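Nothing in this text is a laboratory measurement; each read-out follows from the coordinates by a stated rule. None of these values were measured; they are calculated from a predicted model. Here the Cβ positions follow ideal geometry from the backbone for every residue, glycine too, while neighbour counts run over all protein chains shown.
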Amino acid sequence: MDRPIPYFSSIDEAFRKNASIHAIKPHFELYELEQYPVQEVPEIKPFRLNAYVIGFITSGTARLTINSNEYEIKRGSLYFSSPWDIRAYNKMSDWKGFLLFFTPDYLSQFQFTENSLHEMDFFQPDAQVVLSLEEERTCQLEEWFLRIKTELNSGHPHSMKVLFHYIHILLYKCRELYQEILPLNDRQRTPVPALFLEKLNRYFTEMAASQAEGQVTIQQIADEMHLHPHYVSDLIKKQTGKTATQIIRERYVQEAKTLLRNTKMSVSEISYHLHFKDTSNFTKFFKNVAGVTPKAFREKGPGIMP
């Protein structure tokens, strides 16, 4: 069986195994892209990391893959990814900029929970995750990343607390940019109730870490929310126009698409990984939701998004 996409529980583990870079903090880091050893490691293969990421490109170019979508990134590109996202990089050319990483554990130190991130549209599933900023906004944002860099390197005993507040401000500045660039209907294409969505995505993160058994159900998520499944289903239907079952089915297809695009796993291997009874059942399920078979989706190949 071909290997599923690697899952890294800490930032330092991801850097060591992806690019042989050491001395990276496990739960918070600001990494300057010009330090990346492009000659030794010309591409970063698909991986999942238990961290939230804000990437900002100040010069050069690269090709970024997030889940089943590919993007050309350049100066002024601002992008976001969450713990359940799969990322990959290639065709890096003279790129400079910053990657800001912080884990859920880092947030919890300051009583800032993942629930607080639900205000940030760009960290929600199905959100548009890559923005192109105008030059004025690019210069303003670069100043904030440089402030964070200066504080991180200061060695001040309270720098981590100061950094948390800087990040908090940065998140709201990014939210302002996001809402400025994207109209409301593009920002909230699937307004699924926050807690339900968090539990659903956590299941797929656990699956990537080989900690999930069997397929997730509405009953299972409702139990974790301490609510009756009928109440959860009714609430989701009212807020989204979709049933909870539809949301779960679409999330399975999203995961399957990501594996089809980013791995060499066969359709039967993906079916097994996602806990389907057999390949035939998985293929019918996928076609019913996506409109094409898994094989046809893979053969079509990705389109490059701006």
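By the scheme Lys and Arg +1, Asp and Glu -1, what is the net charge of all other residues having a beta-carbon under 13 Å from that of Met160?
Values: positive: Lys25, Lys161; negative: Glu29, Asp105, Glu151.
Result for the neighbourhood of Met160: -1.
Can you compute the helix-only [θ] at 222 nm over the chain? Use -39500 (n - 2.57) per DSSP H run of at least 4 residues, normalise by all residues, nearest 500 deg cm²/dmol.
Working: 12 runs with 139 residues, N = 306.
The helix contribution divided over the chain gives -14000 deg cm²/dmol.
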**OP:** Please turn the phi angles of segment 227-240 into ³J(HN,Hα) values with the Karplus equation 6.51 cos²θ - 1.76 cosθ + 1.60 (θ = phi - 60°), one per residue in order, whole Hz, x for glycine and proline.
**Re:** 10, 6, x, 5, 5, 4, 4, 5, 5, 5, 4, 5, 8, 10
Original post:
How many nm separate the modelled label positions at Arg147 and Lys237, each set 7 Å beyond the Cα in the direction of the Cβ?
Top reply: 4.8 nm
Subject >> ³J(HN,Hα) computed for each position of segment 279-294 - Karplus, 6.51 cos²θ - 1.76 cosθ + 1.60, integer Hz, glycine/proline x >> reply: 5, 4, 4, 5, 4, 5, 4, 4, 5, 4, 8, 8, x, 9, 6, x
Original post:
With a sphere of radius 14 Å drawn around the Cβ of Lys300, what net charge do the other residues whose Cβ falls strictly inside it have (Lys, Arg +1; Asp, Glu -1)?
Top reply: +3
Original post:
Can you run phi through the Karplus equation (6.51, -1.76, 1.60; θ = phi - 60°) for segment 243-249 and list ³J(HN,Hα) in whole Hz, with x for Gly and Pro?
Top reply: 7, 4, 4, 4, 4, 5, 4
**OP:** Between beta-carbons, use under 10 Å as the cut-off and find the net charge around Met225, counting Lys and Arg +1, Asp and Glu -1.
**Re:** -2
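How long are the semi-axes of the equivalent ellipsoid of segment 2-93, defined as square roots of 5 times the Cα gyration tensor eigenvalues? Whole Å, largest first.
Working: eigenvalues 69, 49, 38 Å².
Its equivalent ellipsoid spans semi-axes of 19, 16, 14 Å.
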Original post:
Of Lys17/Lys91; Lys96/Lys149; Lys242/Lys287; Lys277/Lys300; Lys25/Lys149, which ones are farther than 21 Å apart at the Cα?
Top reply: Lys277/Lys300
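Rounded to the nearest 0.05, what FRET efficiency is calculated for Gln219 and Tyr172 with R0 set to 45 Å and r the Cβ-Cβ distance?
Details: r = 37 Å, r/R0 = 0.82.
E between Gln219 and Tyr172, to the nearest 0.05, is 0.75.
What is the Cα convex hull volume of the chain when expressed per residue in Å³? Spell out each step's value before the answer.
Details: hull volume 41.8 nm³, N = 306.
Hull volume over Cα atoms, normalised by residue count, gives 137 Å³.
Taking the highest mean first, how do the peptides 81-93, 25-37 order by number of other beta carbon atoms within 10 angstrom per residue?
Details: 81-93: 19.7, 25-37: 17.0.
Listed from highest to lowest mean packing, they are 81-93, 25-37.
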Subject >> Descending Cα extents along the principal axes, segment 51-144, whole Å >> reply: 38, 31, 19
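Could you order the peptides 6-18, 138-150 from most to least packed, using the average number of other C-beta atoms within 10 Å per residue? Walk me through the numbers on the way to the answer.
On the way: 6-18: 18.5, 138-150: 15.1.
By packing density, highest mean first, the sequence is 6-18, 138-150.
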**OP:** With a point put 7 Å past each Cα toward its Cβ, work out how far Arg16 is from Ser93 in nm, to one decimal.
**Re:** 3.5 nm
Subject >> Calculated P(r) tail over 12 Å for segment 215-267, as whole % of Cα pairs >> reply: 68 percent
